[in-house]
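Colleague: Okay, here's the structure, questions in a sec.
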Amino acid sequence: MTSNFIDYVKINLRSGRGGSGSSHFRREKHVPKGGPDGGDGGRGGHIYLVGSTQLWTLIHLKYQKHIIADSGNGGEGGRRSGSEGEDVFIQVPLGTIVKNAETNEFIAEVTEEGQKILVLPGGRGGLGNHNFKSSTNQSPRHAQPGEPGLDVWVVMELKVLADVGLVGFPNAGKSTLLSVLSAATPEIADYPFTTLVPQLGVVEYRDEKSFVVADIPGIIEGASEGKGLGLRFLRHIERNSILCFLIPSDAENWGEEYQILTGELEKYNPELLGKRRVIVVSKMDLSIPEMEEEMRESLPKDIPVLLISSVTQEGIQELKDLLWTTLLDENKDFGKIKEAPALLDLPVVNPMADEMMEDPEALD
């Protein structure tokens, strides 16, 4: 099954070279050698990242091998500066992290709508010869060349931003629960790995409040070693404020299933176990009341446990309440009204424009 969800791309970024300064001289009728008046070169184009809530995957960058900003133009006579190279704006979904592909050094992270981050600055334009005029050098004949732009291979990695992450084995009922909590419509079926990509849903709460829930594709024993869907989606759990573990009522051993899940998270990143947790026993419509006490006894006593049924809506409102209060406890600023950021109407320069590809072999 082919997925349009791309959360990892490797791209070569090249900011623009600065334009050279001019070594022009004035030509005046009664002055054999007029004074120097060469203008400065324009800076090379910058490369920016721009956060966009309209994107949720990096698929639009999947086939972009090189992203190149324009060079600045050279200076001219009359001290006219060269124009700046056109900047490149790369729109990315929130939660995108950029690292140096060779050193793994962190470069930038985009977390807000409209956030604009300068990733690679363009080279500075060279100074024209009029800048070098002095009492001892009335007619400087040299000007500065423009600085080269930066050239680096980067890795862009998307880690889904959500307030609550649903964690559980395949067919634990995560997709069904997400469809009940929110207006999301994930694929739901009775076979393993129905969810092949993270699904996000906005949960409407009391008094027009809301929070975001992510359905992370099913984890199995050995996921931290690459089994099943492997490590690909474990990284998305790192960006969730709290973790909601789903264990179906028809599991063979509820406590053991929870221990396997937490064990896989610990193997992948021990810091994940520092997150606040909630345990939800799902599919209670398939269970009998006499089993409830046994379920609770097998699960940790220091973590909230809630029994629900997405089919009958049993416990759904109580789950919303629990998730909301847990989020408030985890982040005291959560739920406060924030001023909406100003949206930036920025052009996305086509990184594969024909004029940039006159010599494709030179780019490889």
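Colleague: Does G122 satisfy the criteria of being open to solvent by less than 60 Å² (accessible area, probe 1.4 Å), modelled with pLDDT of 90 or more and more than 28 Å from I59 (Cα to Cα)?
Modeller: Values: open to solvent by less than 60 Å² (accessible area, probe 1.4 Å): yes; modelled with pLDDT of 90 or more: yes; more than 28 Å from I59 (Cα to Cα): no.
For G122, the condition - open to solvent by less than 60 Å² (accessible area, probe 1.4 Å), modelled with pLDDT of 90 or more and more than 28 Å from I59 (Cα to Cα) - is not met.
Colleague: Another question, if that's okay. Quick check: anything in the range 302-318 among the acidic types (D, E), touching a Leu at 6+ places or on another chain (Cβ under 7 Å) and modelled with pLDDT of 90 or more?
Modeller: Kept after step one, since they are among the acidic types (D, E), are these residues of the range 302-318: 302, 314, 318.
Within this subset, residues satisfying the condition of being touching a Leu at 6+ places or on another chain (Cβ under 7 Å) are 318.
Still in the running and modelled with pLDDT of 90 or more: 318.
Yes - at least one qualifying residue is present in the range 302-318.
Colleague: Does G72 satisfy being in contact (Cβ under 8 Å) with a residue 40 or more places away in the chain, touching a His at 6+ places or on another chain (Cβ under 9 Å) and surrounded by 16 or more Cβ atoms within 10 Å (Cβ to Cβ)? Let's see the steps before the verdict.
Modeller: Values: in contact (Cβ under 8 Å) with a residue 40 or more places away in the chain: yes; touching a His at 6+ places or on another chain (Cβ under 9 Å): no; surrounded by 16 or more Cβ atoms within 10 Å (Cβ to Cβ): yes.
Answer is no for this residue.
Colleague: Which residue out of E256, E290, E252 is part of a loop (DSSP other than H, G, I, E, B) and either without any contact (Cβ under 8 Å) to a residue 12 or more places away in the chain or open to solvent by 20 Å² or more (accessible area, probe 1.4 Å) (or both)?
Modeller: Values: E256 fails: part of a loop (DSSP other than H, G, I, E, B); E290 fails: part of a loop (DSSP other than H, G, I, E, B).
Just one listed residue meets the conditions, E252.
Colleague: Still on this model: Of D329, D321, which residue is surrounded by 10 or more Cβ atoms within 10 Å (Cβ to Cβ), at pLDDT below 90 and part of a helix (DSSP H, G or I)? Walk me through how you get there before you give the answer.
Modeller: Working: D321 fails: at pLDDT below 90.
That would be D329, the only listed residue that is surrounded by 10 or more Cβ atoms within 10 Å (Cβ to Cβ), at pLDDT below 90 and part of a helix (DSSP H, G or I).
Colleague: Cβ-Cβ below 7 Å, separation at least six or inter-chain, first residue in the range 186-212 and closer than 17 Å to L323 by Cβ and open to solvent by 40 Å² or more (accessible area, probe 1.4 Å), second assigned to a loop (DSSP other than H, G, I, E, B) and at pLDDT 80 or above: which pairs?
Modeller: V202/S182
Colleague: If you don't mind, another one. With the checklist (1) closer than 30 Å to R27 by Cα; (2) open to solvent by less than 10 Å² (accessible area, probe 1.4 Å); (3) small (G, A, S) in hand, flag the one item G78 doesn't pass.
Modeller: Result: G78 passes all but (2).
Colleague: Scan the range 21-35 and tell me whether some residue there is of a type in the set (S, T, Y), modelled with pLDDT under 90 and farther than 30 Å from N129 by Cβ.
Modeller: No: zero hits.
Colleague: List the number of the failed condition for F89; all other conditions in (1) over 20 Å from T57 (Cβ atoms); (2) open to solvent by less than 30 Å² (accessible area, probe 1.4 Å); (3) of a type in the set (A, V, I, L, M, F, W, C) hold.
Modeller: That leaves (1) as the condition not met.
The values are calculated or read from the model by the stated rules, or taken from the named source; none is laboratory data. Given the structure is predicted, the values throughout are model-derived calculations rather than measurements. No Cβ is skipped: glycine too gets one built from the backbone with ideal geometry, and neighbour counts run over all protein chains shown. Ligands, DNA and RNA are excluded from the accessible area calculation, which covers all protein heavy atoms including side chains. Shrake-Rupley method; radii C 1.70, N 1.55, O 1.52, S 1.80 Å.
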